[in-house]
Amino acid sequence: MRMGVVGLRMGLHLARWAERMGIEVVAGCDHDPETARHADRELPGMVLVEHWRDLLTAGLDAVVLANDFDAHAPLAIAFLEHGVHVLSETAACVSPEEGRDLVAAAEASTATYSFAENYVLLPHTRLLRESVESGELGLPDLIEADYLHAMAPEAVQGLIGDPSHWRGRIPPTAYCTHSLSPILAITGAMPVEVTAFPVDTNEPRLASVMAVRLSTGALALTRNGFLQGESESHWSQISVRGDLGMAESLRAPGERSWSVRVRHEAWAVPEGRVREEERLTAPLLVDGAPVDRGAEGTVLLFQGLRRTVEEGAPPPVGVREAVAASLVGVAGARSLEEGSVPVAVPLPWA
């Protein structure tokens, strides 16, 4: 399996994992010459090209898109039209029109679109999904997810204070897929409506909270951005409350941060007393050795990509789920602009 990479900052990190998963990284590009030269030194077997369009006819089986956050859909559509499988990082689209065109391209292509949303496959997310799918929690009512960084103010301004960088130009709701995609995977639902709020009206770009109505009738709350209290489980914390019980990832240090606490009240269990337990998945092994817990999602993504390309298996996160999560951020930005009013999520297939 031959793969190319567009964007060689995060793309270089992803390329290293791809090679560990038995995928041959044969070509790449980046608009910054120094970034490209560094990647060339790190992966000397990779051929550097000047422009991503040069990869369209490079005989690739798949491509990883790790370019600017808000510039993925046009590239994904072009590669799909050339029959190249796509693994696209961060926002799938930045407008309803892009979302519509991306879904159409993916569903018409001989290749597949996979969303590189590794948070869906992190250990605690997988445990919560299993808990919901087993029925032990009943019907989920309220789902909450955080994706938070507790960085120093000067470090935050270094990221979001430059309007020429994508982090400085995207709205505070845009980077929401690390919280929204796990919610959609755990519940099997689609977003219907979103109401977004700035956490601090004096610094509205720092963080946002979104209330998202799901197609099941449940409510999801997401917190995204730069707030104190990040979790050691890759900046992610999730809780699910159902009508029979609740489960949440632990706010704990080290290995326990990947655990999930499941609780049922006395009335909900046959023995008539509170039942509570902690669960932790077995370590994920690569070449016989456990990988870092925070890397498990990335490993499973590339294992899933190989199965998709080589065996025709469905992508771990498909195009509709990717577009739905991304468009919550788009609708959330409109909600903020209009004074935190409810805004329908413009799903192209709705």
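Restricting attention to the stretch 167-182, which residues are among the small types (Gly, Ala, Ser), assigned to a helix (DSSP H, G or I) and surrounded by fewer than 24 Cβ atoms within 10 Å (Cβ to Cβ)?
Across the stretch 167-182, the qualifying residue is only Gly168.
State whether the residues of the stretch 256-264 include one that is in contact with a His (Cβ under 6 Å, 6 or more places away or on another chain), open to solvent by less than 70 Å² (accessible area, probe 1.4 Å), part of a helix (DSSP H, G or I) and more than 28 Å from Glu24 (Cα to Cα).
For the stretch 256-264, residues in contact with a His (Cβ under 6 Å, 6 or more places away or on another chain), open to solvent by less than 70 Å² (accessible area, probe 1.4 Å), part of a helix (DSSP H, G or I) and more than 28 Å from Glu24 (Cα to Cα): present.
Among the residues of the stretch 193-203, is there at least one that is open to solvent by less than 20 Å² (accessible area, probe 1.4 Å), over 26 Å from Ser259 (Cβ atoms), of a type in the set (A, V, I, L, M, F, W, C) and touching a residue at least 40 places away in the same chain (Cβ under 8 Å)?
yes
Would a scan of the stretch 205-218 turn up a residue that is closer than 30 Å to Met21 by Cβ, in contact (Cβ under 8 Å) with a residue 40 or more places away in the chain and open to solvent by less than 60 Å² (accessible area, probe 1.4 Å)?
no
Among residues belonging to the stretch 304-316 that are more than 16 Å from the chain's Cα centre (by Cα) and assigned to a helix (DSSP H, G or I), point out the one that is farthest from Gly11 (Cα to Cα).
The extreme case among them is Glu311.
Taking the conditions exactly as written (in contact with a His (Cβ under 7 Å, 6 or more places away or on another chain) and closer than 23 Å to Val309 by Cα), does Ser109 satisfy them or not?
no
Any idea how many residues of the stretch 251-283 are without any contact (Cβ under 8 Å) to a residue 60 or more places away in the chain, hydrophobic (A, V, I, L, M, F, W, C) and over 18 Å from Gly135 (Cβ atoms)?
Of the residues in the stretch 251-283, 4 are without any contact (Cβ under 8 Å) to a residue 60 or more places away in the chain, hydrophobic (A, V, I, L, M, F, W, C) and over 18 Å from Gly135 (Cβ atoms).
Let's see how each residue does on (1) open to solvent by less than 40 Å² (accessible area, probe 1.4 Å); (2) within 21 Å of the chain's Cα centre (by Cα):
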| site | (1), (2) |
| --- | --- |
| Asn67 | yes, yes |
| Ala71 | yes, yes |
| Ala78 | yes, no |
| Leu87 | yes, yes |
| Leu122 | yes, yes |
| Arg126 | no, yes |
| Arg129 | no, yes |
| Ser134 | no, no |
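Determine, yes or no, whether Arg2 is under 21 Å from Val299 (Cβ atoms) and charged (D, E, K, R).
Here the answer is yes, as Arg2 does meet what is asked.
Output the residues belonging to the stretch 89-106 that are open to solvent by 10 Å² or more (accessible area, probe 1.4 Å), small (Gly, Ala, Ser) and farther than 21 Å from Arg53 by Cβ.
Correct list: Ser95 only.
Which of the residues belonging to the stretch 317-338 are open to solvent by 60 Å² or more (accessible area, probe 1.4 Å) and either touching a helix residue (DSSP H, G or I) at 6+ places or on another chain (Cβ under 7 Å) or not in a helix (DSSP H, G or I) (or both)?
Arg320, Glu321, Glu338
Condition check: over 18 Å from the mean Cα position of the chain (by Cα), touching a residue at least 60 places away in the same chain (Cβ under 8 Å) and not in a helix (DSSP H, G or I). Does Pro346 satisfy that?
yes
The values are calculated or read from the model by the stated rules, or taken from the named source; none is laboratory data. Just so it is clear, the structure is predicted and the values come from calculations on it, not from any experiment. Neighbour counts run over all protein chains shown; Cβ positions are idealised from the backbone, glycine included. When the accessible area is computed, the model is the full protein with side chains, heavy atoms only, and any ligands, DNA or RNA have been set aside. Shrake-Rupley method; radii C 1.70, N 1.55, O 1.52, S 1.80 Å.
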